[in-house]
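The values are calculated or read from the model by the stated rules, or taken from the named source; none is laboratory data. Small disclaimer: the values here were computed from a predicted structure and weren't measured. All Cβ positions, glycine included, derive from the backbone under ideal geometry; neighbour counts span all protein chains shown.
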Amino acid sequence: MMAMSTIQTILKAAAFAAHKHRDQRRKDAAASPYINHPIALANILANEGGILDAVVIAAALLHDTLEDTETTPEELQELFGADVASVVVEVSDDKSLPKAKRKQLQIEHAAHISGRAKLVKLADKIANIRDVADAPPAGWSLERRREYFDWAKQVVDGLGDISPALRSAFDAAYASRP
């Protein structure tokens, strides 16, 4: 792979994610376009966390492609390099496992993933709890929303002190727990 600039890598990741998620919608009542979610992560990382590492931003944009599209780790490595691909792999759940097991593994693995993966994971939890607070998935009861917040906090607590700014953003979002 020819070396790309950071801007090129990020834009290529955004375009790739937009293409891969083009037919997907979020679970909110408005069924907003799915691509809004990866873009929100990149925005949280860069503009709230001051994270300007192109690998982290690209991985944030691509973070759900392995779980939610037909994308393979090999495809990500070929297009974006080993560093980006490895971060995406680290933050991806094994969809062959039952949901409860996947959620438990996120808690257990949080402390053991790379620093870059921790940043992506933290941004994902910030974006998700903001969405659950502001535009919850259609049909989610108050209890289910509260359980999601508490589970997300368990995952984030396992990430350690990876970014004080992002942890502060998470804590502020968590304070809006329904």
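Overview of values
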{"quantity": "For Asp93: the one exception among (1) outside any helix (DSSP H, G or I); (2) touching a His at 6+ places or on another chain (Cβ under 8 Å); (3) of a type outside the set (A, V, I, L, M)", "calculated": "(2)"}
{"quantity": "Residue list for the range 21-35, restricted to those being among the acidic types (Asp, Glu) and either in contact (Cβ under 8 Å) with a residue 40 or more places away in the chain or surrounded by 15 or more Cβ atoms within 10 Å (Cβ to Cβ) (or both)", "calculated": "Asp28"}
{"quantity": "Residue within the range 69-90 that is buried (at least 23 other Cβ atoms within 10 Å of the Cβ), part of a helix (DSSP H, G or I) and touching a His at 6+ places or on another chain (Cβ under 7 Å) present", "calculated": "yes"}
{"quantity": "Test: residue in the range 111-119 that is among the β-branched types (Val, Ile, Thr) and in contact with a His (Cβ under 8 Å, 6 or more places away or on another chain)", "calculated": "no"}
{"quantity": "Close pairs (9 angstrom Cβ cut-off, 6 or more residues apart or separate chains): free of Cβ contacts under 8 Å to residues at least 24 places away in the same chain in the range 36-60, of a type in the set (D, E, K, R) anywhere", "calculated": "Asn36/Arg26"}
{"quantity": "Pair list, Cβ under 6 Å, 6 or more apart: the range 71-85 residue closer than 17 Å to Ala18 by Cα, other residue surrounded by 16 or more Cβ atoms within 10 Å (Cβ to Cβ) and charged (D, E, K, R)", "calculated": "Thr71/Lys20"}
{"quantity": "Residue satisfying all of: in the range 134-152; touching a residue at least 24 places away in the same chain (Cβ under 8 Å) and of a type in the set (Lys, Arg); surrounded by the most Cβ atoms within 10 Å (Cβ to Cβ) among these", "calculated": "Arg145"}
{"quantity": "Yes/no for Leu159 being crowded, with 17+ Cβ neighbours inside 10 Å, at pLDDT 95 or above and not in a helix (DSSP H, G or I)", "calculated": "yes"}
{"quantity": "Failed item, numbered, when Asp131 is tested on (1) of a type outside the set (A, V, I, L, M); (2) touching a helix residue (DSSP H, G or I) at 6+ places or on another chain (Cβ under 7 Å); (3) crowded, with 17+ Cβ neighbours inside 10 Å", "calculated": "(2)"}
{"quantity": "Residue count for the range 26-67, restricted to those that are of a type in the set (Ser, Thr, Tyr) and under 17 Å from Val91 (Cα atoms)", "calculated": "1"}
